[in-house]
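Enquirer: What follows is a single structure, and I will ask about it in a moment.
The values are calculated or read from the model by the stated rules, or taken from the named source; none is laboratory data. The structure displayed is predicted, hence computed values, not measured ones. Neighbour counts run over all protein chains shown; Cβ positions are idealised from the backbone, glycine included. Protein only, heavy atoms only, side chains kept; ligands, DNA and RNA dropped before computing areas. Shrake-Rupley method; radii C 1.70, N 1.55, O 1.52, S 1.80 Å.
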Amino acid sequence: MRDSRSAAWDAYSQSRTQRRRTNARGETTWFNWTQHPDHGPGAEILRLKPGDSVLDLGCGSGGNLAHLAFLGMRATGVDLSGAQLAKARERWTEVEGMEVHQGDALAFLTTSATRFDAVYSVFGAAYFTDPRLTLPTVRRHLAPGGVFAMSQHPAVDGCYGCQASYIPRGADEDPAIVRRWDYPPAIWTALFEEHGFEDVTAAVLPAPPHGRRRIGTLLVRGVRGS
Ligand SMILES: C[S@@+](CC[C@H](N)C(=O)[O-])C[C@H]1O[C@@H](n2cnc3c(N)ncnc32)[C@H](O)[C@@H]1O
């Protein structure tokens, strides 16, 4: 039977347009941890070099993954949504060194024999999966010294733990509902450390000063201890 989460994310995909052809600097590929264009840090956070292997949990239409492949990394993405992956395959067909798989991120990792040099998730599967399941699984599949980094919306004050996210569908349809996990930065730090990550940083990057969208981005990063 089809996973109801896949249907929800297929609906989400229909509401999204493809990434712009170029960013403000005229680049055709780039990394963005946030939902604001031309904002925030880039791929350097992952501390990768050409030839390294990297996994995107919930890669969606693949823009960040394509950038890493363009930089020479062996870039693998996994996503529940066939519609999202169809967009990735259509847009990044020319990019070498990039592969995408359909399925649940943790199920994919559990059956993978690869030890990745970095794992990341941008508003992706790590947002929508209990971190008490994600963190030990990611740690097992990261090379020692490898980075795990994830971004998502900052938690609303007092709304912590498992929360409901509503994905709009047609005018006459109920929204699709998926679960997400929200915590303040101090709790994310403790969770990462509890699961064997070191040098953990967790902070909210404010939205760009110009523009009407005011919600920033929570970015959490840790290094797999030996
Ligand atoms: C908000 S979109 C973000 C997509 C992409 N990371 C980006 O920045 O554009 C969330 C993505 O996570 C995927 N996703 C959610 N839960 C997942 C899971 N458990 N396993 C794999 N993918 C998942 C969805 O299908 C969707 O494509």
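Enquirer: Are any residues in region 54-70 without any contact (Cβ under 8 Å) to a residue 40 or more places away in the chain and open to solvent by 20 Å² or more (accessible area, probe 1.4 Å), and if so, which ones?
Expert: The answer is H67, and nothing else.
Enquirer: Still on this structure: Right, S121: open to solvent by less than 10 Å² (accessible area, probe 1.4 Å), within 11 Å of the ligand (Cβ to nearest atom), in contact (Cβ under 8 Å) with a residue 24 or more places away in the chain and of a type outside the set (A, V, I, L, M) or not? Before you say what the answer is, go through the steps one by one.
Expert: Numbers: open to solvent by less than 10 Å² (accessible area, probe 1.4 Å): yes; within 11 Å of the ligand (Cβ to nearest atom): yes; in contact (Cβ under 8 Å) with a residue 24 or more places away in the chain: yes; of a type outside the set (A, V, I, L, M): yes.
Taking the combined requirement at face value, the residue satisfies it.
Enquirer: Still on this structure, please answer the following. Restricting the first residue to region 33-48 and requiring it to be over 16 Å from L71 (Cβ atoms) and of a type in the set (D, E, K, R), which pairs with a second residue that is away from the ligand (no atom under 13 Å from the Cβ) and open to solvent by 10 Å² or more (accessible area, probe 1.4 Å) meet a Cβ separation below 8 Å and a spacing of at least six or different chains?
Expert: So the pair list comes out as D38/N23; D38/A24; D38/R25.
Enquirer: Residue pairs, Cβ under 7 Å, 6 or more apart or interchain, first in region 94-113 and over 19 Å from S81 (Cα atoms), second small (G, A, S) and not in a loop (DSSP other than H, G, I, E, B). List them.
Expert: Qualifying pairs under 7 Å: V95/A66; V95/A69; E96/A69; G97/A69; G97/A75.
Enquirer: For region 27-34, does any single residue satisfy the condition of being open to solvent by 70 Å² or more (accessible area, probe 1.4 Å) and either over 16 Å from the mean Cα position of the chain (by Cα) or within 10 Å of the ligand (Cβ to nearest atom) (or both)?
Expert: Step one: of region 27-34, the residues open to solvent by 70 Å² or more (accessible area, probe 1.4 Å) are 28.
Of the ones still in play, those that are also either over 16 Å from the mean Cα position of the chain (by Cα) or within 10 Å of the ligand (Cβ to nearest atom) (or both) are 28.
Scanning region 27-34, I find at least one residue that is open to solvent by 70 Å² or more (accessible area, probe 1.4 Å) and either over 16 Å from the mean Cα position of the chain (by Cα) or within 10 Å of the ligand (Cβ to nearest atom) (or both), so the answer is yes.
Enquirer: Could you tell me whether region 89-103 includes any residue that is within 26 Å of R140 (Cα to Cα) and open to solvent by 80 Å² or more (accessible area, probe 1.4 Å)?
Expert: So in region 89-103, the residues within 26 Å of R140 (Cα to Cα) come out as 97-103.
Then keep just the ones that are open to solvent by 80 Å² or more (accessible area, probe 1.4 Å); that gives 99, 102.
Scanning region 89-103 turns up at least one residue that is within 26 Å of R140 (Cα to Cα) and open to solvent by 80 Å² or more (accessible area, probe 1.4 Å).
Enquirer: Also, I was wondering about something else. With the structure loaded, tell me whether R16 is open to solvent by 80 Å² or more (accessible area, probe 1.4 Å), part of a loop (DSSP other than H, G, I, E, B) and within 10 Å of the ligand (Cβ to nearest atom) or whether it fails that test. First the steps, then the outcome.
Expert: Values: open to solvent by 80 Å² or more (accessible area, probe 1.4 Å): yes; part of a loop (DSSP other than H, G, I, E, B): yes; within 10 Å of the ligand (Cβ to nearest atom): yes.
The answer is yes for R16.
Enquirer: Within region 48-100, which residues are within 13 Å of the ligand (Cβ to nearest atom), in a loop (DSSP other than H, G, I, E, B), more than 17 Å from R20 (Cβ to Cβ) and among the small types (G, A, S)?
Expert: If the condition is that a residue be within 13 Å of the ligand (Cβ to nearest atom), in a loop (DSSP other than H, G, I, E, B), more than 17 Å from R20 (Cβ to Cβ) and among the small types (G, A, S), then G58, S81 are the ones that fit.
Enquirer: Restricting to region 124-139, what's the tally of residues that are farther than 19 Å from E193 by Cβ and away from the ligand (no atom under 12 Å from the Cβ)?
Expert: Qualifying residue count for the region: 0.
Enquirer: I want to confirm something. Restricting to region 150-173 and keeping residues that are in contact (Cβ under 8 Å) with a residue 40 or more places away in the chain and surrounded by fewer than 22 Cβ atoms within 10 Å (Cβ to Cβ), which single residue is farthest from G42 (Cα to Cα)? Even if it seems obvious, please write down each step before you answer.
Expert: Restricting attention to region 150-173, the residues satisfying the condition of being in contact (Cβ under 8 Å) with a residue 40 or more places away in the chain are 150-155, 167-169.
Narrowing the set further to residues that are surrounded by fewer than 22 Cβ atoms within 10 Å (Cβ to Cβ) leaves 153-155, 167-169.
Numbers: H153: 17, P154: 19, A155: 22, I167: 28, P168: 30, R169: 32 Å.
The residue in question is R169.
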